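Below: one structure, written as structure tokens.
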Amino acid sequence: MIYYRDDVLLIRDMEDTDARIFTDEEIAQGWHADISKYLTRLRDQAEGKCVSLTAVYQGHPAGYVNVYLTGLGGSFGGKGLPEIVDFGVLEKYRRKGIGSRLMDAAEQIAGQYADTVWLGVGLHNGYGSAQRMYIKRGYIPDGTGVWYRGKPCEQYETEIANDDDLVLYLSKRLNR
């Protein structure tokens, strides 16, 4: 399915071939990429659990985002609200509006299921541009504090690492 199209950008359902492209590109830019993440998203999409989107910029897969129709876990898990998961734009395609268009499409899909969407954002500096974008788009912290590996952190907790599993959950009311 096509969600957006203009002269340089197409947003469509993720395809099997995107998994290898994104994995190879992320490894090349120094990320800890694993194709199994994409294969899981494709399987979940085939099972109707999520919508996985790929942004194609000038003919090249450039970014992705997934909308789970009911959240996977975290502070909003079990509340029947859609969750945005694994949003990313390859570094060489950033600052071209691709991330904003992907988020527009993800929020439009989420809005078909609920009036609120949520996500978890990592706290290390690798997530800095995503953190800023979410705030600019109207996402607000949920008030449960920082989570690590699926559990809320207690005050003064020391058994955590500043890795991809350290997240803050944010939500946004959607205009339906």
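The values are calculated or read from the model by the stated rules, or taken from the named source; none is laboratory data. Since the structure is predicted, the reported quantities are computational estimates derived from the model, not experimental observations. Neighbour counts run over all protein chains shown; Cβ positions are idealised from the backbone, glycine included.
The table below lists the values:
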{"quantity": "Residue among Asp13, Asp18, Asp7 that is surrounded by fewer than 18 Cβ atoms within 10 Å (Cβ to Cβ), within 17 Å of the chain's Cα centre (by Cα) and farther than 23 Å from His124 by Cα", "calculated": "Asp13"}
{"quantity": "Flag for Tyr134 being at pLDDT below 95 and part of a helix (DSSP H, G or I)", "calculated": "no"}
{"quantity": "Selected residue [more than 12 Å from the chain's Cα centre (by Cα) and in a loop (DSSP other than H, G, I, E, B)] from Arg101, Arg95", "calculated": "Arg95"}
{"quantity": "Ala106, sole failed condition from (1) touching a Leu at 6+ places or on another chain (Cβ under 6 Å); (2) surrounded by 13 or more Cβ atoms within 10 Å (Cβ to Cβ); (3) under 20 Å from Leu69 (Cβ atoms)", "calculated": "(1)"}
{"quantity": "Within segment 29-47, tally of residues that are small (Gly, Ala, Ser) and touching a residue at least 12 places away in the same chain (Cβ under 8 Å)", "calculated": "0"}
{"quantity": "Subset of segment 78-91 [touching a strand residue (DSSP E or B) at 6+ places or on another chain (Cβ under 8 Å), surrounded by fewer than 21 Cβ atoms within 10 Å (Cβ to Cβ) and not in a strand (DSSP E or B)]", "calculated": "Leu81"}
{"quantity": "Listing of strands (runs of 3 or more DSSP E) fully contained in segment 1-60 that carry 3 or more residues being within 13 Å of Gly88 (Cβ to Cβ)", "calculated": "50-57"}
{"quantity": "Meets criteria (in contact with a strand residue (DSSP E or B) (Cβ under 9 Å, 6 or more places away or on another chain), of a type in the set (D, E, K, R), modelled with pLDDT of 95 or more and crowded, with 17+ Cβ neighbours inside 10 Å) for Arg101", "calculated": "yes"}
{"quantity": "Within segment 127-163, considering residues that are in contact (Cβ under 8 Å) with a residue 60 or more places away in the chain and closer than 18 Å to Asp86 by Cβ, the one surrounded by the most Cβ atoms within 10 Å (Cβ to Cβ)", "calculated": "Trp147"}
{"quantity": "Segment 21-57 - residue that is acidic (Asp, Glu) and surrounded by 18 or more Cβ atoms within 10 Å (Cβ to Cβ) and, of those, nearest to Gly126 (Cα to Cα)", "calculated": "Glu26"}
